[in-house]
1. Send over a whole-number figure in Å² for the accessible area per residue of the stretch 306-465, probe 1.4 Å.
2. To the nearest µm²/s, what D does Stokes-Einstein give for the chain at 25 °C and 0.890 mPa s, using the Kirkwood radius over alpha carbon pairs as Rh?
3. Go through the stretch 545-645 and name the trypsin sites (Lys or Arg not before Pro) that are in a DSSP coil and have 16 or fewer other Cβ atoms within 10 Å of their Cβ.
4. Shape of the stretch 432-522 from its Cα gyration tensor (a ≥ b ≥ c, root eigenvalues): rounded if a/c is under 1.5, otherwise prolate when a/b > b/c, or oblate?
5. Would the stretch 516-596 count as rounded, prolate or oblate if I go by the C-alpha gyration tensor, calling it rounded below 1.5 in a/c and otherwise prolate when a/b exceeds b/c, oblate otherwise?
6. Of SER635, SER563, SER550, SER600, which has the most accessible area with a 1.4 Å probe, and how do the rest follow in descending order?
7. State the antiparallel share, in %, of DSSP beta bridges confined to the chain, rounding to the nearest 5.
8. If I compute solvent accessible area with a 1.4 Å probe over the protein chains, what percent of it on the chain is carbon and sulfur?
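The values are calculated or read from the model by the stated rules, or taken from the named source; none is laboratory data. What you are looking at is a predicted structure, and each value in this text was computed from that prediction instead of being measured. Positions of Cβ are generated from backbone atoms using ideal geometry, with glycine treated the same way; all protein chains shown enter the neighbour counts. Please note that ligands, DNA and RNA were not included when accessible areas were found on the heavy atoms of the full protein model with its side chains. Shrake-Rupley method; radii C 1.70, N 1.55, O 1.52, S 1.80 Å.
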Amino acid sequence: MNAHYSGPMRFQVLGPVIVRDETGEPVALRARHREVLARLILARRRVVPVGRLVDDLWDEPPADPVGAIRTFVAGLRRALEPDRAPRTPARLLVTEGPGYVLRAAPDAVDAWRFDDAVRAAAELPAAQALSRLTEALGWWHGFAYADFADSEWAWAERARLTEQRLLAVERRAAAQLATGAAAAAIPDLDVHVAEHPWREDAWQLLATALYGCGRQADALAVVGRARAMLAEQFGIDPGPRLRRLEQDLLLQAEHLDPGVTDPAERVWEQARAAYDSAVASRTRTRLESTAGLMRDLAVTGGGGLEAARRHRIAAVAAAEQTGDARLTARVIGIYDVPAIWTRSDDPASDRWLVTVAEKTIRRLPERDDADRARLLATIAVESRGALPTEYRADDGLRPLHAARAAEEIARRLRDPSLLAFALNGVFMQSFERAGMARQRDALGAEVLSVATGNNLFTYEVLGHLVRMQAHCALADLEGAQRHASAADAVARRYDLPLVTVFTDWFRALRTAETSDIRAAEAAYEAAAVPLDGAGMPGLHRGLLPLALLSLALRHRDTERIGSFDTGRDWGPYAPWVRPAVLAARGEIDGARTALRDIVSPPRDLLFEALWAVIAYAAIAVDDAPVMARAIAQLSPAAAETTAQSGLLGVGPVRGYLDELSTWARIAVPIHRRR
């Protein structure tokens, strides 16, 4: 099926809802037909279930609301595709799954074109942005969805589009200032501030335009007008940026000359001021925006990741205090930052977040499928590395079940970003047993396909890293290298500095596979340097010592293994490392004691490697029961290596299984005689 239908019809919702044919003439539609059409346009090429249409169209539905909807849709189809032959499938208004979707082309709806134009203008040089925004503002013919001002389903979208229009007006004025057309900006800005006096950014633009025309006194008078109007109508003082502008006007500050101002900094400051003035008192909007900003901050580097994690938790806590389940769901779910490492950076916060997500799901209306899927994906991602005994089974929200449920919803909704997030959750829960590299490779391939087809560049990186890990597990270092290089290329293009943490460690692993032990040690020590301040303690703690130990184990260098200090900071890996080091030192009793009650490592990317370390110790001290456990755990990965993490490995799994089976047959009778 085509993603959209490039038919002759054009749709207007920036004003009264109107459909025009190829000649530009309005198409006659009944009121209910126009409402159904408007509701489908609002969904922006996503399926609207019939039940949702019924809820949105009627406070008190008729006797057969579904039949009424079908009648409306049939009438709409005849009007929108008048030349379609009888009994041939519709191409524009399509029945799909539980409802209907309007497959209009992206440029067929004025609101969609307007969004695209405003978004594109932000990246254009000032002169081009001015032209683009002027054209886009000309598409407005009144209030958005003007026919349905009283319809609850339209409220949020009307408010959003109105805000977009006001922002476009201000960005157009900023472009006029940047291109030296300050005088042309003044009349429209004067009207704009009169109609929207709470928008401090507009006042600032007007004052700056006046100053740019040599009217310093008028510019100061405008700031005075803004101060008086804000106090009279809203009981507030001007914000800090407007107050700074007043001082700069008095001092004739150099930066007020557009020719010497950094354009990026100016746009950032104007956007920030516009946001501050528009949503100063809207707690819900602020919380959602904070979560979205933290999502973007998380990929900027170590400091950004740490701050994002901290402020995300604060935003979720604040949302939960409002008692609004939908708001809480949105604040939790908007943070869809891809996760590649299977050990938590902050276990306590993640457990709390999962608990809140589970509570929110129980309170969320059944029809909120997208929010529900994001909560389920969050549960799956944040429950990383959980053992089966740690699954929360009381309410059916076990992490793997949550991941699969999120995936099913995302596929049904055909939402690419939601599907990518859900697949990330599936990846985090793809460690039920050893030996699942091929399944994860297929998963990474799908993440890549979804991401590259929908400009989801952070998930494009995730797909490459997942496949890099899988190819390491399958002993295909050339394939892993291709994906590491591709991930680096995307990271350079979009300024994602944390990606190289994983690709540099992969290259150290490759050095370990192809060079002598000293070169490999140097490579790992160099790769570990960026981990300081990377904001990933779940990755950082104990990783370098474990990598150096893996080199000694790979080369079966007993002296080197025994030289490691058991008191060193091995991070979370200490319980599984200690028996191997003690055994290599000849401290057999201590190693046996350490092995006696050893628990399984977490089911994560280091599961096979840590079981191989345990196997080495068990063989060294003839511990038959632990050898039997190691055989049981490692057998599913017999055809793989222990390098599933893409960072370190201790050799092929088959070598450990062969050694274990040989020693187990000898050690078991001896163990029994004892």
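1. On the way: 6200 Å² over 160 residues.
Solvent-accessible surface per residue comes out at 39 Å².
2. On the way: Rh = 28.9 Å.
Approximately 85 µm²/s, per Stokes-Einstein.
3. Values: sites: ARG554, ARG556, ARG560, ARG568, ARG585, ARG592, ARG596, ARG603, ARG629; in loops: ARG556, ARG568, ARG603.
Filter output for the stretch 545-645: ARG556, ARG568.
4. Working: a/c = 2.60, a/b = 1.32, b/c = 1.97.
Verdict is oblate for the stretch 432-522.
5. Details: a/c = 3.19, a/b = 1.44, b/c = 2.21.
Judged from the Cα gyration tensor, the stretch 516-596 comes out oblate (a/c at least 1.5, b/c at or above a/b).
6. Working: SER635 55, SER563 85, SER550 5, SER600 30 Å².
Largest to smallest exposure gives the sequence SER563, SER635, SER600, SER550.
7. Details: 11 of 13 bridges.
Counting only bridges with both partners in the chain, antiparallel ones make up about 85 percent.
8. Numbers: 15490 of 29800 Å².
Its accessible area is 52 percent carbon and sulfur atoms.
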